[in-house]
Amino acid sequence: MMYGYDDGYGMFVVWGFIIHIILIGIIVFVVYKLFASNHLQKNKNSAIDELNTKFVNGELTEKEYLRKKELINKK
């Protein structure tokens, strides 16, 4: 016996497909956010390290250093 959309099982198939697509979308979104957050933190740490080096080497005044550090931390 073949089942078709007219016997009531078709809606289960459609909803099952939709639920799987939504779950896959949520998983992809969470993984993307984790990697994006990690990448952003690495860039922020790198910028702070470079800023600290310039301040220690005397390339920046204290006022410039504090202003730039505040800008970096806002991101």
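A short reminder: the numbers here are calculations on the coordinates, not readings from a lab. A quick note: this is a predicted structure, and the numbers were derived from the prediction, not measured. With ideal geometry, Cβ positions are generated from the backbone for all residues, glycine too; neighbour counts draw on all protein chains shown.
Hey, which of these cross-link pairs are over 18 Å Cα-Cα: K44/K69; K33/K69; K54/K74; K42/K63? In this structure, K33/K69; K54/K74; K42/K63 lie more than 18 Å apart at Cα.
For V30 and L71, a Förster radius of 30 Å and the Cβ-Cβ distance give a FRET efficiency of 0.55, rounded to the nearest 0.05.
Per-residue ellipticity at 222 nm from helix content only, as computed over the chain with -39500 (n - 2.57) for each DSSP H run of at least four residues, stands at -29000 deg cm²/dmol.
Across the chain, Cα-Cα distances exceeding 17 Å account for 66% of all pairs. Figure legend: label point modelled 7 angstrom from the Cα of N43 along Cα→Cβ; residues of region 53-75 with amide N under 19 Å from it are 68-75.
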